[in-house]
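K.L.:
One structure coming up, written as structure tokens, with questions to follow.
The values are calculated or read from the model by the stated rules, or taken from the named source; none is laboratory data. Worth saying up front: this structure is predicted, and the values here are computed from it rather than measured. In this analysis, Cβ positions are derived from the backbone assuming ideal geometry, glycine residues included, and neighbour counts consider all displayed protein chains.
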């Protein structure tokens, strides 16, 4: 069997291992990339988005829990923290389209039905990379919300070295440093290059309150000015950007960090800790 990490976000957020059955007619290389179902009505809060790498998978929507996913025969199986299994039959994969038929699971939380086409099908479009940007540094922070959103701040350089400061609700509290696994850095950079740079706004908002706020700064090679933005929730945030922000928000799930003192961190932004809230409510 092949093993891989799974990082899935939507009406579920799922992050852990993936298994490919030997008799699966599909493999990770066929579904690798980002796919989405655009929201079309008021019942749909977000675009429904999947992101797959050979070692990493992501599914994005309103809220999340941890679990696993598996490729078995012609199916994609997702298991949530509550032991509910979501089963999709993979009906079609092309360079531009992924068709998943919902089979079973999540009866107490019908997370996908607002996005169904005929016969419980999800028809996802491929998100393409639009750029060939070379990233020198990524700076990111996220705030607490009405819940347990982590307050944290991150710097990642071009080779995947990471400085991290975790505050309230962070799974890693205090200052730390480490290095991203190659497949995680690749996934993040792919999300960066999927952004429509010409259309990025400085601020995105949501038509609700009590959500988390996100800050992102991209310093790029051969670009005099960095790309800098803030997003309050994901209500107006494009799918490509929401994927990137959520990958960064959950970075402690996929990197091994070592504790150190704040003064010992080799921070490019010396004021980065000011973005972190250190006390719980």
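K.L.:
Filtering the stretch 215-239 down to residues that are in contact with a strand residue (DSSP E or B) (Cβ under 6 Å, 6 or more places away or on another chain) and not in a strand (DSSP E or B), which residue is farthest from residue 145 (Cα to Cα)?
P.N.:
The residue in question is 221.
K.L.:
While we're here: Across the stretch 159-183, what is the total count of residues that are over 22 Å from residue 234 (Cβ atoms), touching a residue at least 60 places away in the same chain (Cβ under 8 Å) and assigned to a loop (DSSP other than H, G, I, E, B)?
P.N.:
Going through the stretch 159-183 one residue at a time, the tally reaches 3.
K.L.:
So the check is Cβ under 6 Å with 6+ separation or different chains; which pairs have a first residue in the stretch 218-236 that's outside the structural domain of residue 202 (by TED's automatic domain parsing) and under 12 Å from residue 200 (Cβ atoms) and a second one that's surrounded by 18 or more Cβ atoms within 10 Å (Cβ to Cβ) and modelled with pLDDT of 95 or more?
P.N.:
No pair meets every condition.
K.L.:
When both residues are 6+ apart or on different chains and their Cβ atoms are under 9 Å apart, which pairs have a first residue that lies in the stretch 112-126 and is within 9 Å of residue 102 (Cβ to Cβ), and a second that is part of a helix (DSSP H, G or I) and at pLDDT 85 or above?
P.N.:
112/120; 113/120
K.L.:
Is the stretch 251-260 home to any residue that is more than 16 Å from the chain's Cα centre (by Cα), at pLDDT 90 or above and in a loop (DSSP other than H, G, I, E, B)?
P.N.:
Narrowing the stretch 251-260 to residues more than 16 Å from the chain's Cα centre (by Cα): 256-260.
Within this subset, residues satisfying the condition of being at pLDDT 90 or above are 256-260.
Going one step further and asking which of them are in a loop (DSSP other than H, G, I, E, B), we end up with 256.
Yes, the stretch 251-260 contains at least one residue that is more than 16 Å from the chain's Cα centre (by Cα), at pLDDT 90 or above and in a loop (DSSP other than H, G, I, E, B).
K.L.:
Evaluate the following for residue 247: is it under 14 Å from the mean Cα position of the chain (by Cα) and either in a strand (DSSP E or B) or surrounded by 20 or more Cβ atoms within 10 Å (Cβ to Cβ) (or both)? Talk me through it step by step, then tell me what you get.
P.N.:
Values: under 14 Å from the mean Cα position of the chain (by Cα): yes; either in a strand (DSSP E or B) or surrounded by 20 or more Cβ atoms within 10 Å (Cβ to Cβ) (or both): yes.
So residue 247 passes the test.
K.L.:
Right, next: Does residue 141 qualify as being more than 19 Å from residue 261 (Cβ to Cβ) and modelled with pLDDT of 95 or more?
P.N.:
So residue 141 fits the description; yes.
K.L.:
Filter the stretch 121-134 down to residues that are over 18 Å from the mean Cα position of the chain (by Cα) and buried (at least 16 other Cβ atoms within 10 Å of the Cβ) and give me whichever is farthest from residue 194 (Cα to Cα).
P.N.:
So in the stretch 121-134, the residues over 18 Å from the mean Cα position of the chain (by Cα) come out as 121-123, 130-134.
Now drop any that are not buried (at least 16 other Cβ atoms within 10 Å of the Cβ), which leaves 121-123, 133.
Values: 121: 25, 122: 22, 123: 20, 133: 10 Å.
Of everything passing the filter in the stretch 121-134, 121 is farthest from residue 194 (Cα to Cα).
K.L.:
Is it the case that the stretch 193-211 has a residue that's in contact with a strand residue (DSSP E or B) (Cβ under 6 Å, 6 or more places away or on another chain), at pLDDT 95 or above and buried (at least 22 other Cβ atoms within 10 Å of the Cβ)?
P.N.:
Checked against the condition, which is being in contact with a strand residue (DSSP E or B) (Cβ under 6 Å, 6 or more places away or on another chain), at pLDDT 95 or above and buried (at least 22 other Cβ atoms within 10 Å of the Cβ), the stretch 193-211 yields no hits at all.
K.L.:
Please give the number of the condition residue 267 fails out of (1) within 21 Å of residue 180 (Cα to Cα); (2) outside any loop (DSSP other than H, G, I, E, B).
P.N.:
(2)
K.L.:
Have a look at 105, 147 and point out the one that is surrounded by fewer than 18 Cβ atoms within 10 Å (Cβ to Cβ) and either more than 26 Å from residue 30 (Cα to Cα) or at pLDDT below 90 (or both). Working first, answer last.
P.N.:
Values: 105 fails: surrounded by fewer than 18 Cβ atoms within 10 Å (Cβ to Cβ).
Answer to the selection: 147.
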